[in-house]
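Any read-out appearing in this document is the output of simple, stated calculations on the displayed coordinates, not a laboratory observation. Remember, it's a predicted structure, so these values are computed and weren't measured experimentally. Neighbour counts run over all protein chains shown; Cβ positions are idealised from the backbone, glycine included.
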Amino acid sequence: MTGPIADLSVLLKSLTPVLHDGIVAFCAVDGRHGEVALDAIATFRESEGMTVVLDEGIAVARGLTPLFRAAWITLTVHSDLNAVGLTAAVSTALAKAGISCNVIAAVHHDHLFVPVDRAEDAMHALRALSDPERTVV
């Protein structure tokens with residue numbers, strides 16, 4: 001197993017995006033829904049409350065309101081958390097395609113959450129970004 005990659009050119013050539021099945025929902029929760037964190041893909045605590053990212057079906061079953069419905073894409077390259085430019089390159093490519101994106105960087109991979117109806121467009125833009133024939137990052 002190789003370690004994390006920090007070199008941007010290697011990262012871009014090795015993105016290998018994977019589109020997960022299903023729809024995930026970004027939801028805001030309060031103290032009454034704290035147990036939902038056990039089902040979460042990700043959580044983030046802000047001064048206004050907790051954000052949870054979880055399967056939309058679980059969110060609805062728990063009585064939560066999806067505030068953003070997303071497709072989940074994982075960049076399977078093992079990116080170094082100290083790498084410079086990966087998020088900028090990915091978000092720029094998606095922005096050029098008119099696709100909004102929420103990024104969560106974890107220890108091993110970066111995870112992108114894009115509007116459900118733009119998932120395939122996002123995959124196309126990401127594959128083009130990792131194309132060695134590209135001329136612009």
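Evaluate the distance, in nm, between pseudo-label points positioned 7 Å from the Cα of His20 and of Ala61 along their respective Cα→Cβ axes.
1.6
In degrees between 0 and 90, to the nearest 10, how far off the longest principal axis of the chain does helix 86-96 point, with axes built from Cα atoms?
Taking the Cα atoms of the chain, the angle to 86-96 is about 90 degrees.
Quick one: what Rg and Dmax do you get for the range 1-70 from the alpha carbons, in Å?
When restricted to the Cα atoms of the range 1-70, Rg and Dmax are 15.9, 46 Å.
Please rank Phe68, Phe26, Phe44, fewest neighbouring Cβ atoms within 10 Å first, as an exposure proxy.
Ranking Phe68, Phe26, Phe44 by Cβ neighbours within 10 Å, fewest first, gives Phe44, Phe68, Phe26.
With axes computed from alpha carbons, what is the tilt in degrees of helix 119-129 against the longest principal axis of the chain, rounded to the nearest 10 within 0 to 90?
So the helix axis and the longest Cα principal axis differ by about 30 degrees.
Give the Kirkwood hydrodynamic radius (Å, one decimal) of the chain, defined as one over the mean of 1/r across all pairs of different Cα atoms.
About 15.8 Å for the chain.
Which of Ala61, Ala71, Ala95 ends up with the largest GNM mean-square fluctuation for the chain, with Cα atoms connected below 10 Å?
Ala61
With each run of n ≥ 4 DSSP H residues scored as -39500 (n - 2.57), what mean residue ellipticity at 222 nm is computed for the chain after dividing by its residue count and rounding to the nearest 500 deg cm²/dmol?
The helix contribution divided over the chain gives -7000 deg cm²/dmol.
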